[in-house]
1. What's the exposure ranking of B:70, B:31, going from fewest to most Cβ atoms within 10 Å?
2. If you rank A:39, B:17 by fewest surrounding Cβ atoms within 10 Å, what's the result?
3. How much mean residue ellipticity at 222 nm does chain A get from its helices, if each DSSP H run of length 4 or more adds -39500 (n - 2.57) and you divide by all residues, to the nearest 500 deg cm²/dmol?
4. List the relative contact order of segment A:135-241 as a percent without decimals, with contacts defined as Cα pairs under 8 Å and 6+ residues apart.
5. For segment A:55-180, what's the relative contact order in percent, using C-alpha pairs closer than 8 Å and at least 6 residues apart?
6. If I histogram all Cα-Cα distances within segment A:116-230 using bins 5 Å wide from 0, what percent of pairs lands in each bin?
7. Checking a compactness column here: for chain B, what do you get for Rg(Cα) / (2.2 N^0.38 Å), N being the number of residues?
8. Taking neighbour Cβ counts within 10 Å as the exposure measure, how do B:289, B:103, B:221, A:256 sort from fewest upward?
């Protein structure tokens with residue numbers, strides 16, 4: 001088994017319409033999270049708040065190739081995946097406000113976005129803890145003969161967890177339809193990849209260790225991500241079993257809302273910011289003559305309205321009555 | 001005798017019974033579940049080709065195939081979590097963790113995922129799965145293979161926890177546990193796999209919400225579960241010879257506890273001895289004792305007593321292990337001391 005290197009040979013035909021869609025999705029995540037920072041500072045949101053800013057191309061690129069019936073699992077840094085999957089901004093914002101109109105009624109918060117309609121099975125906040133679940137969801141699909149894909153997002157930090165290795169082994173052994181998306185942003189909280197892993201080529205470990213086809217992808221290039229995901233999902237739907245994408249990316253902000261960022265140099269952050277996935281994509285669209293005068297302003301305007309509407313929705317939300325505290329510990333009736 | 005004796009058509013049809021072991025009862029229950037619901041499958045270490053570590057699933061692979069009697073690698077967290085995922089995706093997995101000792105390797109999946117997802121998702125996603133595991137000491141397997149971890153899981157909101165003592169429950173608890181939309185952890189004690197009982201060929205379903213009085217008595221309530229039930233019943237026989245009638249309450253359900261049954265027993269006997277093979281501190285025995293104090297304090301003629309496993313990692317040497325675990329004679333002695341007012 002060899003590690004495939006991403007290239008653009010398969011090509012995604014970039015139409016103006018699709019380009020504007022990708023751009024709008026990434027801008028929505030960016031502006032939504034900037035608003036999160038604002039309302040967090042205003043103490044409307046509390047607890048942990050992990051921002052995806054800088055990594056938008058990964059979630060947006062991957063989601064383009066998934067179908068409504070596919071299942072998605074993500075980490076505690078999952079606003080981007082949820083938005084790109086189509087979970088409403090309002091229900092996510094209300095969740096972070098702790099309001100009962102939130103997607104999980106305020107029981108989960110920023111780290112636990114769940115949505116049934118879009119088959120979004122949560123942000124999971126134990127690093128690596130959702131990997132076995134992804135294998136099981138895919139196993140269920142395989143046993144039933146459903147040609148669905150389970151897509152799981154996790155970070156480079158999860159690769160050091162035993163559950164990562166157990167899950168890759170099980171997925172390969174059982175040949176189940178899982179798309180593993182490793183968002184390698186180079187840091188597990190504040191410890192760099194090279195201080196955590198004896199072998200830092202994660203895709204190679206998936207392919208050599210477990211015989212899973214794996215690619216390393218430029219995670220700052222939304223088209224490269226979409227292309228790789230297209231190949232991956234085609235193979236998975238053809239019954240070829242799991243597929244692994246290592247997306248090289250970078251988080252521009254602190255690990256959570258505040259950290260002193262003692263573990264990385266400002267230069268390094270600046271260098272990565274030169275490769276801002278949104279800026280790169282705007283340049284590409286311009287180079288292809290797909291972006292017209294006023295397009296960007298139009299997107300920004302629409303997104304600003306959507307983000308503001310999410311805040312208004314959350315502000316107008318209500319607190320679940322205290323008498324409801326013990327609800328949802330046990331389900332008393334079968335939901336099937 | 002009723003007036004209808006002799007009128008053949010009025011005689012009730014005698015239910016067909018047979019003698020089976022606890023092991024066979026679990027196997028029958030697994031088989032029944034597989035036949036009744038195609039969403040059900042069994043997975044765990046050595047459940048298939050080996051026939052189960054304790055030979056419980058022997059023969060099921062041949063009948064149901066490798067997809068539904070699924071051997072797993074030694075990846076407790078991996079396959080238990082796969083069970084959580086399969087349940088989320090609409091299947092009804094039975095995950096067998098060979099012994100509860102190894103379940104600590106899957107604790108993240110059981111405690112952080114199976115038990116929390118319904119609540120964390122605001123009621124959107126439930127986890128209908130059964131996790132079976134063998135529990136208990138008494139086999140000279142030393143400290144890492146002899147634990148009774150019922151108390152750990154009974155501590156966790158979101159889980160339901162069953163402890164199987166009787167052949168009837170070995171046969172009857174699995175199906176209602178699978179019908180429950182919540183994650184259910186079932187403890188089986190391997191020392192009981194050879195216990196025999198007469199059961200109907202087509203047994204009636206059992207209730208998995210209530211404790212059960214297995215022996216009636218007026219002098220003291222012995223409240224226990226799992227292996228402790230059999231020791232308490234043996235002790236009760238010995239005590240009866242000494243004129244002491246002990247009531248034996250099998251808790252059966254460790255979460256959520258059925259307080260009513262054992263409190264009612266205490267209202268009758270006014271004395272309570274809790275027997276639990278877990279350690280005493282911060283345990284099922286502590287919990288039962290506290291609830292009795294909260295709910296039946298004025299019914300008690302004397303303080304609740306507890307017989308638990310000595311607070312040491314269980315030793316290998318037989319004489320030491322036997323001494324560490326509550327035995328029949330310990331129960332007899334404790335009851336005599338209590339009833340005689342000692």
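1. B:31, B:70
2. Going from sparsest to densest Cβ surroundings: B:17, A:39.
3. -13500 deg cm²/dmol
4. After rounding, I find 30 percent.
5. Relative contact order of segment A:55-180: 25 percent.
6. Computed distribution, short to long bins: 2, 11, 20, 24, 22, 14, 5, 2, 0.
7. Relative to the rule-of-thumb radius for its length, chain B sits at 1.03.
8. Working: B:289 20, B:103 26, B:221 30, A:256 16.
Exposure proxy ranking, most exposed first: A:256, B:289, B:103, B:221.
Laboratory data are not the source of any read-out in this text; all were calculated from the coordinates shown. Quantities reported herein were computed from a predicted structural model and do not represent experimental measurements. Neighbour counts are summed over all protein chains in view; Cβ atoms, including those assigned to glycine, are modelled from backbone coordinates with ideal geometry.
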